[in-house]
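Worksheet: the structure to be examined is printed underneath.
Nothing in this text is a laboratory measurement; each read-out follows from the coordinates by a stated rule. Remember, predicted model here, so these are calculated numbers, not experimental data. Cβ atoms come from the backbone with ideal geometry, glycine included; neighbour counts cover every protein chain shown.
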Amino acid sequence: MLFPDDAFSTTPDSPPPHRYQLPGLSVPTLTSTVVELHAAAPLPAEARPRAIQPEALTLDAGTFGRTVEGLGATPFPPVTVTQTTAGLALSCACGPPLPGLCAHQAEVLLALLQRRELRLFFDAPARHAYLRPLARDYGLDQAADLDAHFELRYDQRAGLTITPRQAALYPVTPAAKQELLAQLLPAARPTPTGAVGAARLVVLGRHRYYGHLQLQLAEAASTATGKLKNPIALLNPLDEVWGLADPALVKFYSGLARLQQNYDDARSLATLEALRAVVLNPAALPVFAHDPDVAEKPSAASLRPVELRRVPPEVRLEVRQREEFYEVSGQLLLHDQPFDLRELSVAFEYFVAAHGAYYLLDDLHVWRVVEFFQRRNNTLLIHQSRFEEFRQDVLAGLETRLHISYHHARPATPAQAQTSGLAAPPEALLYLTERGAHVELLPVMRYGPREVPVRSRQQLYATDELGRAFVVQRDAAAEQRVLDALIDQHPDFAAQLAQPSDALHLPRPQFLQPEWFLAAFDEWRRAGLTILGFNELRQNRLNPYRAEVAVQVHCGENNWFDTELLVRFGPQQAKLRHLQKAVRQRSRYVPLDDGTQGLLPEEWVARFAAYFAAGEVVNERLRTPSVGFSNLLELYDPAALSAAARARVARYQAAAADFTGIAPVAAPAALRATLREYQLLGLRWLSFLSTFGFGGILADDMGLGKTLQVLALLLHRREQGHRGASLVVVPTSLLFNWQAEAAKFAPTLRVRTLHGSSRPGAAAFEEADIVLTTYHTVLADIRWLREYRFDYVVLDEAQAVKNPDSQRYKAVSLLQSRHRLVLTGTPVENRTTDLYALLSFACPGLLGSRQHFRDQYALPIDKFKDLKRARALQQKISPFVLRRTKSQVAAELPAKTEMVLYCELDAEQRRLYEACRQDVRARLMGQLEELPGKQGLHLLRGLTRLRQLCNAPALLPDEADYGRSSAKLQVLLEELETRAPQHKILVFSQFVGMLDLIRPELEARGIGYAVLTGQTRRRAEAVQAFQEDEQVRVFLVSLKAGGVGLNLTAADYVYLVDPWWNPAVENQAIDRSHRLGQTRPVVAVRLICPDTVEEKIMTLQQGKRELAYELVKTDAALLKTFSREDLLTLLS
């Protein structure tokens, strides 16, 4: 620290400070001789270097002064000393400059040389030598610069001190370690007070002023003969409590603490509780009684040893007849020795002195009796005329606590016992009563008409018809068994039985723990106790019985197993619907008819949930469908299945184990088609399901002949003699397909169509084999359709009902039939839950409840890709789902399959079509004789207009807005949504406008597509995108732009939106996919509006097909080949 030149304040009148330098010198090299040589004058006599004190001091710099004594003495001016590498610089405010050191400067330099505590601030070698021993404690004795770690400070009173510059620096010395441990570790347990060899004792005495009972914990030494020695040191009992784990010791010392400050004027329960704990004396401390007449405070002379004992206080009343009076007197029994109450010696209010010991009587009721009889000289006389009244109203009440001996009453004779009813076998009862925050349990034994608390001393006293008193002996062994049964169920009960009370008690929340009271009640009932009052406890609806579960599975109707699930709670049986609701809500409590709630055993709840998930409740029985036969052995214990049920399950298992074992079925003779091998297998599978009453899902790919297989099944059933109409529900677009295929392949089947405004009633079904209808019609007519029982209900394109919440699903689920069948090419479109809807219709109950299916299968499979669950689900459904893909049966398929989808025009579209048809027909009728010039082109334009109307009225070139309704567009989009996830698809149309209507619909549904029309400039890129990009699922192609020259083998489905006159053009379009390089069978689908020019074109094509292939090169040329009759047919 350098002190500036202006460190000393001066005034204009004061002289400048005297400065002096000692070049090249430092305190370590300075000597007193050098100081004297540089001094301007010898030191004055009053110089005192030892009195110099620093006013500011740091390393190599300081300001010093000295106190001056005496009046009028000259003050000692401040002197600064600064040490640098150049030397020492001094400054003093004493006055004018001198040729050497002034006296003050010289005195300060001598102080630095002579006084070590000051010199160390200027002498680095000495300072480091001084610091190094201390630095060793910190491990820094080898540090190069000790000044960087330690700081010197000087204070006139404290002297020189050293502190680490880092406050966190801590020395590692024995003293520092000991200090640290003392601060961080818990203090050692204090040494007990008193002399060496002192022992603890308990002092029994009274408060010196108030006379109240006091017990104190003390400590004293003893002589060799065992006598106490002074001093007697009193201790605080609570100091002993904190380190104890034994509850009895904790109560002992706590009781002493309670009695050390006892101010109760009368006997109290709290004092009795404390005395019980002390008399038990688990610490085995000696007890001494203090005699205040010997010494005011406890001393060796005033203390005498006593023994404290506790015995069950038994006071007996003796009733004897003395002439016309009855004499009542009392006795106290101690170890079966009677003591007359008049002679009883009471000590310290709570004790009876006898046999050299103090006996604690810990029953306030007994004390009241003792004091009462002591005040009356232990005798009470009752006149015989009032004795019976006195006995019933007074003595009978006392018998709950006291034993009363009726010396005048004799043991009952058999006749007396029988007549009084007291000879009946005793019945054990347990009364439950609410007492504040506790539940009281009162064990009672019923002897005929009398009820006696088990813990009371009451006798079975009675008189016969002659007025003779008699007593019936109570069944002590039976009553003890009741007490033993109670004690076994709770650890607190044994201690409570040691107290003078007839009843036991538990805190209400603890008592009402179901796991406890159900087990306890069960044991008590087995011991013969009847429990009363449980449901009278406040806000308690719990049933007092444990659940008893019985399960039995029987064969129900052909398609069901019936499970009897009996859950009883004592006399109450849980309703199955209530049980199901509790399980569904994940509650263990089920409501019962008496208003109570039964607790379901935890180990049964999951099993109940599985039972209900696999079946439905019908009339207090759980009905499990036969299709769920594989679940039965998983769900139920084998012993729960009846013999018939086990036999039926075995039969189902054997049949479903291997489909090759299914009995062969020949194709029906009336079927006008040859079934391929896989179709024959499908027929056999369908026949197998019908044999056992099962439903199923036929999930073959499109084009594999699902309709044909169903028609074969219906013909087969008719051959077997089965009668009754089968309902086939289809999308509107497939209604005509079914009509056509039924007429083509099964013309002997009587088909009725339930569709449109004029629909037949149920009476028409009696004359039908097949009733064709649509999902919309079923929804509209379900109220009466549900009343008819069909042979089969078949849902085609059943993805229409994949949502179980939809009205369609709910409607078809209400239909009645012997069998159910679902047809779909895509059983799972997006999620596993799609499968649930279809199978819950076809095989009700197979997959359990919707929530069960979601938890067990849908979430694990869809969200977590759980392969184990997926395999389990596949195994469960495999007997009831038959799916063949085109690749699996490719060897049996033709390379190309052509199909027709009929699209029924809606009312508005039909109206527009009819108006246009009549206009064109009128033109034809007027112009047919001669068609000069361009009149043929006008006819072609009219026919084109009709074809546009079949596609969509929006294609018309008129300015009028005909709306965007289109039957074809609706059907096509349904097909694309279904097929696109698994297949690539070509969509051809002659009209680019139709492709423009399709495009936004694909975008709205998230289906990737490419487009190729005459306006497409980058044709190769569009083709490559469709062929190679998996995200592009649909290729929209105009018939002329893509009809030839393209290789589109990525597609295996081709949709022709509109037919053309020339079948060769259509076939060329189909051959874009069905060509060299195609490895899969191709399905070509034509969309045709029935009863329109499109249907007529198809018919005419058949006759012109050969001509078209050989000669026709243009569409107009083909039209010229049509005769007058052909054209009229087109417009008919």
In sequence order, calculated HN-Hα J values of segment 221-238 (Karplus, 6.51, -1.76, 1.60; Hz; x Gly/Pro)
8, 9, 7, 5, 8, x, 7, 5, 10, 6, x, 9, 8, 8, 10, 8, x, 5
Go through segment 711-742 and name the trypsin sites (Lys or Arg not before Pro) that are in a DSSP coil and have 11 or fewer other Cβ atoms within 10 Å of their Cβ.
Arg723
Between Val881 and residues 5 or more places away or on another chain, the pairs with built amide H atoms under 5 Å apart involve Ile697
What is the antiparallel percent of DSSP beta bridges lying wholly in the chain, to the nearest 5?
60 percent
Note: probe point = Cα of Met899 + 7 Å toward Cβ; backbone nitrogen < 11 Å; residues of segment 1048-1066 passing the test are 1053-1054
With a 10 Å Cβ neighbour count serving as the proxy for reagent exposure, in which order, fewest first, do Phe339, Phe534 appear?
Phe339, Phe534
Tell me the mean residue ellipticity at 222 nm calculated for the chain from its helices only (DSSP H runs of n ≥ 4, each -39500 (n - 2.57), averaged over every residue, nearest 500).
-10000 deg cm²/dmol
FRET E, pair Leu814, Ala872, Förster distance 30 Å, beta-carbon r, rounded to 0.05
0.45
Using Cβ counts within 10 Å as a stand-in for footprinting exposure, how do Cys555, Cys903 rank, fewest first?
Cys555, Cys903
To make sure I understand the rule: partners must be aspartates and glutamates, Cα under 12 Å from the Cα of Lys229, and not fewer than 8 residues away in the same chain. Which ones qualify?
Glu219
Hey, can you rank 698-709, 561-572 by average C-beta count inside 10 Å, highest first?
698-709, 561-572
Segment 660-891: relative contact order as a whole-number percent, Cα under 8 Å and 6+ apart:
24 percent
Those lysines that a straight Cα-Cα span of less than 23 Å connects to Lys868, excepting residues fewer than 8 apart in one chain:
Lys876
Hey, what D do you get for the chain in µm²/s if you plug the Kirkwood alpha-carbon radius into Stokes-Einstein at 10 °C and 1.306 mPa s?
36 µm²/s
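Could you sort 77-90, 512-525 so that the peptide with the highest average Cβ count within 10 Å comes first and the rest follow in order?
77-90, 512-525
What order do you get for 163-173, 276-286, 484-494 when each peptide is scored by the mean count of other beta carbon atoms within 10 Å, highest first?
The packing order, highest mean first, is 276-286, 484-494, 163-173.
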Full-stretch length increase - Arg1019, Ala175 - with 0.36 nm per residue and alpha-carbon distance subtracted:
294.3 nm
For segment 547-652, what relative contact order do you get, as a whole percent, if you take Cα pairs closer than 8 Å and at least 6 residues apart?
31 percent
Under 18 Å between alpha carbons, and skipping anything fewer than 8 positions from Lys886 in its own chain: which aspartates and glutamates qualify?
Glu677, Asp700, Asp701, Glu797, Glu829, Glu898, Glu975, Asp1052
What spacing in nm lies between the two simple spin-label points modelled at His383 and Arg538, each 7 Å away from Cα in the Cβ direction?
4.8 nm
Using the beta-carbon distance between Leu37 and Gln156 and R0 = 51 Å, what value does 1/(1 + (r/R0)^6) give for FRET efficiency, to the nearest 0.05?
0.95
Let me have the relative contact order for segment 5-122, percent, based on Cα pairs under 8 Å that are six or more residues apart.
37 percent
Please list the non-local residues whose amide H lies under 5 Å from the amide H of Arg759, H modeled 1.01 Å from N, same-chain partners needing a gap of 5 or more.
none
Can you list residues from other chains, or at least 5 along the same chain, whose modelled amide H is less than 5 Å from the amide H of Lys896?
Val1082
For a label point 7 angstrom out from the Cα of Arg48 toward its Cβ, which stretches of segment 73-102 have the backbone nitrogen within less than 15 Å?
73-77
Table column - 3J(HN,Hα) (Hz), segment 254-271, Karplus curve with 6.51, -1.76, 1.60, x for Gly and Pro
5, x, 4, 4, 5, 7, 5, 10, 8, 10, 6, 7, 10, 4, 9, 5, 4, 5
Calculated FRET efficiency, Asp1091 and His938, Cβ-Cβ r, R0 30 Å, to nearest 0.05?
0.80
Residue span Gln888 to Asp340: 0.36 nm per residue of separation minus Cα-Cα distance leaves a gain in nm of 186.4 nm
Positive end of the charge dipole of the chain (Lys, Arg +1 and Asp, Glu -1 on Cβ, about the Cα centre): tell me which of Thr84, Gly436, Leu333 has its Cα farthest that way.
Gly436
